[in-house]
Amino acid sequence: MGEGIGDYTRNLIDLRRHMWLEGVEVELRRLIWQIAVVGKYISAKIHESNRKLAGFQNVYGEEQLALDRISDEIMKNKLQFSGFVREYASEELEDIIQIGSGKEKYIVTADPLDGSSLVDTNLAIGTIIGIHKESVMDCGRNTMVAALYITYGPLITMIYSAGKGAHEFVLDREGEYILSQENIKLKEKGSIFSPGGLRRDWNPAHLKFVEKLESDGYKLRYSGGFVPDINQILIKKGGLFTYPALKKAPQGKLRLLFELQPMAFIMEQAGGLATNGDQDILSVKVESINQISPIYIGSSTEVQLAKQMLS
Ligand code: AFP
């Protein structure tokens with residue numbers, strides 16, 4: 001499968017059927033399905049918290065943090081009893097925890113609710129998941145077998161890849177994830193860019209790179225949410241997201257394991273690239289689970305230009 005499904009059946013393909021048609025290994029497709037179901041619970045918590053907390057500005061801050069923790073608890077509990085996961089690492093936890101008997105096939109990394117500081121603004125936020133077969137304390141190229149992210153926006157959408165292309169699903173009113181785009185492929189070059197960090201903190205080479213994109217007419221698209229900002233580049237089939245090394249933060253801001261590896265896996269499956277400015281993100285060795293890294297990710301022309309101008 002993967003040569004595309006006839007239009008007449010496209011809308012009838014749900015997530016489980018698509019993974020079966022793609023030949024995704026049975027335990028992996030059950031794991032991905034369980035994580036997709038958690039996305040529905042997290043979405044319900046987001047809506048619930050907004051309703052309950054409207055107007056409580058000072059309380060909101062604590063509840064907002066609770067929303068991160070609640071999302072992590074839901075994800076961990078669901079995976080704990082899945083039978084497929086032996087270890088779980090999350091942006092909300094200090095260290096990797098064993099959650100199975102130790103014999104299960106997979107290790108899951110999670111940013112259960114990325115962009116939670118945006119919840120009060122009603123901007124889109126997301127869940128980012130990496131699925132590994134081997135210890136994550138290596139490079140993603142050696143350990144990752146799948147990745148997915150869920151975008152909680154006007155629609156709830158999910159992008160997954162199990163190594164055979166990147167595919168988009170939309171959650172419908174019946175609670176099914178229905179295939180909306182299959183084998184998403186980026187153009188060589190896009191027309192939008194998302195420049196993270198403050199201009200005054202950029203290093204000279206990065207500033208020159210951004211000025212080049214601006215002079216080439218790229219439109220700035222930056223929401224402050226990694227998931228919707230990346231999703232925009234994928235769905236618009238081109239462009240570049242960067243959160244660079246900064247003068248006072250040479251490793252940038254974003255988490256290698258929880259945020260960058262999964263998006264790099266998906267972007268590469270869509271024909272894009274992801275680098276720290278020097279190395280492919282999936283080739284960077286993970287030394288610590290909270291490791292951060294600069295990132296340039298998106299269509300190949302822009303990522304190659306970044307590498308060239310930074311070298
Ligand atoms: P929060 O999870 O604290 O909202 O941070 C979101 C994030 O990690 C990532 O989603 C964004 O791309 C990035 O931070 C935005 O950072 P700036 O606020 O410095 O632009």
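The values are calculated or read from the model by the stated rules, or taken from the named source; none is laboratory data. Note that the structure is predicted; figures quoted are calculated from it, not measured. Cβ: placed from backbone, ideal geometry, glycine included. Neighbour counts: every protein chain shown.
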Among (1) more than 30 Å from Val286 (Cβ to Cβ); (2) assigned by TED's automatic domain parsing to the domain that holds Leu254, the one test that Pro204 misses: (1)
Only listed residue being in contact (Cβ under 8 Å) with a residue 40 or more places away in the chain, in contact with a helix residue (DSSP H, G or I) (Cβ under 6 Å, 6 or more places away or on another chain) and not in a loop (DSSP other than H, G, I, E, B), chosen from Leu148, Leu179: Leu179
Condition check for Ser215: closer than 17 Å to Gly140 by Cβ, more than 11 Å from the ligand (Cβ to nearest atom) and surrounded by fewer than 17 Cβ atoms within 10 Å (Cβ to Cβ): no
Cross-chain or 6+ apart pairs with Cβ under 6 Å, the stretch 91-107 first and farther than 20 Å from Leu67 by Cα, then hydroxyl-bearing (Ser, Thr, Tyr): Ile97/Tyr88; Ile99/Tyr88
When residues of the stretch 110-157 are limited to those that are closer than 23 Å to Arg30 by Cα and acidic (Asp, Glu), the one farthest from the ligand (Cβ to nearest atom): Glu134
Candidates Glu287, Glu302, filtered to the one that is crowded, with 24+ Cβ neighbours inside 10 Å and more than 16 Å from the ligand (Cβ to nearest atom): Glu302
Meets criteria (of a type in the set (Lys, Arg), more than 23 Å from Ser90 (Cα to Cα), within 16 Å of the ligand (Cβ to nearest atom) and surrounded by fewer than 20 Cβ atoms within 10 Å (Cβ to Cβ)) for Lys237: no
Of all residues in the stretch 83-131 being charged (D, E, K, R) and part of a strand (DSSP E or B), the one that is surrounded by the fewest Cβ atoms within 10 Å (Cβ to Cβ): Arg86
The listed residue being touching a helix residue (DSSP H, G or I) at 6+ places or on another chain (Cβ under 7 Å) and within 12 Å of the ligand (Cβ to nearest atom), out of Gly196, Gly224, Gly252: Gly224
